[in-house]
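Peer 1: Before I ask anything, let me first share the structure, which is written out below as structure tokens.
No value in this document is a laboratory result; all are computed from the given coordinates. Because the structure is a prediction, the values reported are computed rather than measured. In this analysis, Cβ positions are derived from the backbone assuming ideal geometry, glycine residues included, and neighbour counts consider all displayed protein chains.
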Amino acid sequence: MCGICGVFDLTGGGRANPAVVRGMCDRIRHRGPDGDGFFSAPNAALGMRRLSIIDVAGRDQPLYNEDHSLALVFNGEIYNYRELRAKLLERGHHFGTEGDGETILHLYEEHGLDLFRHLRGMYAIALYDAPRDRLVLSVDHIGMKPLYLWERDGLLRFASELKAFTADPDFAARLNLDALDTFFSFGYPIGEETLFAGVRRLMPGHVLTAEAGAIHTHRVWRFGTGYEGDSLPAVPANEAALIDEARAWLDESVRLHLRSDVPLGLFLSGGVDSAAMLALMHRQAEGRIKTYTIGYDMHTGDNELAQARRVAEHFATDHHERIIGADDWWNAFDGTVYHHDEPCANPSAVSLMLLSEHTARDVKVVLTGLGGDELFGGYATHRAHAAVLRAARGDTGSSAAALLGWMEACYPAFKRFRVVGALPTYLPELRNRLGPTQEGLLRTQMFDGMVFSDTLRARLYGPELRDAWKLGRHKERAFADIVVLSQRPNPDDMAQAIVINSWLTGNALLHADKVTMAHSLEGRIPFFDPNMLAFSAAVPPSIRMRSNKYVLREAIRPLLPAFALERPKQPFSTPILGWFAGPLAGRIQSALSGKDAFVRQYLNGPALDALLRDHFSGRRPQVEVVFRLLTLERWAAAFGVR
């Protein structure tokens with residue numbers, strides 16, 4: 001595990017500056033405090049920061065093949081490296097280390113760009129093929145390890161974190177205005193563009209090659225089909241056998257994810273996903289398992305902390321808790337924004353960063369239960385997307401949809417009155433089913449009407465942003481690509497893919513990587529082993545969608561106590577509603593109300609003032625909207641964006 005970066009001269013002019021790469025590495029030192037390493041050739045310069053997890057005493061990166069014609073830096077872990085290594089040794093390859101990274105080099109020698117189908121792990125890879133003067137970049141199948149790209153004047157730069165580019169004197173932190181409405185609408189980035197002008201992400205499951213002055217990018221893996229040329233595995237028709245197979249895949253994935261030469265632990269919430277991880281670890285790990293939970297000094301409406309404590313007691317773990325208050329959260333907020341690189345309005349990311357800081361005092365590796373919802377149908381959006389797809393209204397919608405759209409101006413007021421009950425939830429869902437299909441899917445995924453809405457955009461956006469929203473249509477274009485990528489014959493299957501290709505890759509996985517690595521902590525996600533993903537995609541919706549995470553609950557039933565297994569699904573909540581209305585209200589108002597606030601360049605000042613007055617007076621609370629504005633404001637300050 002580490003952070004990587006580099007420069008490649010597409011013109012062949014020998015301009016790859018190793019000094020710039022060293023500066024880039026310094027910006028991401030937190031990802032790898034155990035050492036660094038560099039490679040330099042006229043057209044390629046590579047760098048890395050190392051966090052030692054496997055083969056701790058072994059050779060640092062860059063890694064080389066036998067004749068040093070290939071050089072590699074990579075971030076992540078290849079969990080099946082022992083099996084790959086044994087096969088490569090049989091074929092006559094020679095290894096200079098005991099680690100996992102060297103297998104990538106020898107697989108490239110054997111299979112070329114087809115090597116990635118052999119890897120089970122999380123990774124961002126940079127490989128330089130000197131004889132061909134070729135740079136190969138790749139991100140793992142689901143995007144657990146990010147890689148950012150910036151090209152200018154024939155130089156391609158790449159890095160595990162976008163902030164590394166700030167070490168290059170040619171980099172200017174400018175806002176990508178076209179993507180701003182997308183952030184406000186979703187609260188996180190979708191697609192390959194970022195809010196930094198000119199910077200993009202290498203998307204999950206993609207390989208980029210730079211060679212002979214040209215860049216080529218192609219997808220090698222897609223959820224629902226797997227690696228190119230593969231087909232989904234056949235799952236047992238018998239339901240009991242299918243449940244047994246699910247348990248076997250989970251067991252194997254956890255076994256591989258426990259491979260480490262340093263201490264490891266588990267993030268334990270009160271939910272079934274992390275409890276399942278603990279039960280599986282308990283079967284295989286030696287000694288007491290270290291578990292870590294975050295809690296709050298303010299009631300959040302559930303008993304997450306108490307439930308996690310009860311699960312930990314059942315398995316006799318070495319349990320640790322971090323209790324935070326409003327001041328703790330606020331003091332960590334700016335750091336979370338900085339380490340995330342891109343604005344992400346996910347309040348639990350701040351909590352996770354504080355938990356990572358606490359956990360990193362004891363261990364270098366932590367497993368998480370992220371992914372159970374995405375794989376096994378745990379979100380309301382799974383059913384909502386499927387309902388829109390079943391309505392199948394194509395490019396047209398009914399007059400009722402237009403009427404419901406007209407009513408969205410009333411949604412914030414509805415939230416104040418109990419007499420209308422859950423109308424602010426039901427009306428947007430009904431509108432989405434009655435409107436055009438593509439639009440309904442988009443509005444469903446961004447919870448339009450419940451957070452942002454067209455009415456709010458028209459009132460709040462300034463002229464430049466309004467034009468970018470209406471004419472640029474960035475979110476429509478980016479989401480259209482997601483819909484194409486997510487195509488599957490069954491609406492429930494397609495709904496599952498849409499959630500994975502939007503929320504998961506744009507939000508959950510990015511913040512999971514950034515906030516753990518901010519404290520030199522490696523986060524591992526057993527649910528996202530390629531074999532687990534392939535199995536999940538092959539489970540018939542009639543079984544997968546029977547009830548909330550039915551397959552997972554049944555698979556893990558023999559290993560968990562009833563109190564952990566049958567707890568109703570609850571979101572991992574953060575009490576920002578109370579904090580924003582109470583102890584943090586003054587600080588938030590100060591950040592957003594000043595005449596020099598960054599957000600005021602792009603918003604209608606009187607409309608913003610009215611929104612803030614209505615929110616903080618309690619007349620029309622819009623905590624999610626305020627949080628997105630605050631996140632953008634602090635992001636611009638952290639990076640000097642203009």
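Peer 1: Once fully extended, how much extra length lies between ASP609 and ALA19, figured as 0.36 nm per residue of separation less the alpha-carbon to alpha-carbon distance?
Peer 2: 207.7 nm
Peer 1: With Cβ to Cβ distances under 9 Å as the rule, what net charge do the other residues near MET517 carry (K, R +1; D, E -1)?
Peer 2: Summing Lys and Arg as +1 and Asp and Glu as -1 gives -1.
Peer 1: Pairs of alpha-carbon atoms within less than 8 angstrom and 6+ residues apart define the contacts here; what relative contact order does the stretch 234-331 have, in percent?
Peer 2: Here the relative contact order equals 25 percent.
Peer 1: What lysines sit close enough to LYS364 to cross-link, taking a C-alpha to C-alpha distance under 24 Å and skipping anything fewer than 8 places away on the same chain?
Peer 2: Correct list for LYS364: LYS145, LYS163, LYS290, LYS514.
Peer 1: Between Rg and the Kirkwood Rh of the stretch 2-219, both from Cα atoms, what is the Rg to Rh ratio?
Peer 2: 0.96
Peer 1: List, in order, the whole-Hz ³J(HN,Hα) value for each residue of the stretch 447-458 obtained from phi through the Karplus relation with A = 6.51, B = -1.76, C = 1.60 and θ = phi - 60°; use x for Gly and Pro.
Peer 2: With coefficients 6.51, -1.76 and 1.60, one gets 6, 5, x, 9, 10, 7, 7, 4, 4, 5, 4, 4 Hz.
Peer 1: Oh, and also: Take every DSSP beta bridge whose two residues both sit in the chain, then give the antiparallel share in percent to the nearest 5.
Peer 2: 75 percent
Peer 1: Going highest first, how would you order 444-450, 497-503 by mean Cβ packing within 10 Å?
Peer 2: Descending packing order for the listed peptides: 497-503, 444-450.
Peer 1: I'd like the distance separating the alpha-carbon centroids of the stretch 205-254 and the stretch 291-347, in whole Å.
Peer 2: Between the Cα centres of the stretch 205-254 and the stretch 291-347 lies a distance of 32 Å.
Peer 1: Quick one: pull the percentage of alpha-carbon pairs in the stretch 70-148 with a separation above 17 Å.
Peer 2: Pairs farther apart than 17 Å: 41 percent.
Peer 1: Which far-off residues, 5 or more places away or on another chain, put their amide H under 5 Å from the one on ALA159, with H placed in the peptide plane?
Peer 2: Distant-sequence amide H within range of ALA159: TYR148.
Peer 1: Apply the a/c threshold of 1.5 to the C-alpha gyration tensor of the stretch 201-360 and tell me whether it is rounded, prolate or oblate.
Peer 2: Oblate.
Peer 1: If each of GLU313 and HIS216 carries a label point 7 Å out from its Cα toward its Cβ, how far apart are those two points in nm?
Peer 2: Between GLU313 and HIS216, the simple spin-label model gives 6.1 nm.
Peer 1: Let me ask you something else. Note down the magnitude of the dipole of the chain about its Cα centre, charges +1 on Lys and Arg C-beta and -1 on Asp and Glu C-beta and zero elsewhere, to the nearest 20 debye.
Peer 2: In total the dipole reaches around 1860 debye.
Peer 1: Let me check against my output: what whole-number percent is the relative contact order of the chain, with C-alpha pairs under 8 Å and at least 6 apart?
Peer 2: 16 percent
Peer 1: Could you tell me the center-to-center distance, by alpha carbons, between the stretch 428-442 and the stretch 260-290 in angstrom?
Peer 2: About 41 Å separates the Cα centre of the stretch 428-442 from the one of the stretch 260-290.
Peer 1: Could you grab the Rg to Rh ratio for the chain? Cα atoms only, Kirkwood for Rh.
Peer 2: 0.95
Peer 1: Using the Karplus equation 6.51 cos²θ - 1.76 cosθ + 1.60 (θ = phi - 60°), what ³J(HN,Hα) coupling, rounded to whole Hz, does each residue of the stretch 527-541 give in order, writing x for Gly and Pro?
Peer 2: 4, 9, 4, x, 5, 5, 5, 5, 4, 4, 5, 8, 5, x, x
Peer 1: Mean separation of Cα pairs under 8 Å and 6+ residues apart, divided by the residue count of the stretch 2-219: what relative contact order is that in percent?
Peer 2: 21 percent
Peer 1: In bins 10 Å wide, starting from 0, what share of all Cα pairs of the stretch 435-591 does each bin hold, as a percent?
Peer 2: Distribution as computed: 8, 23, 33, 25, 10, 1 percent.
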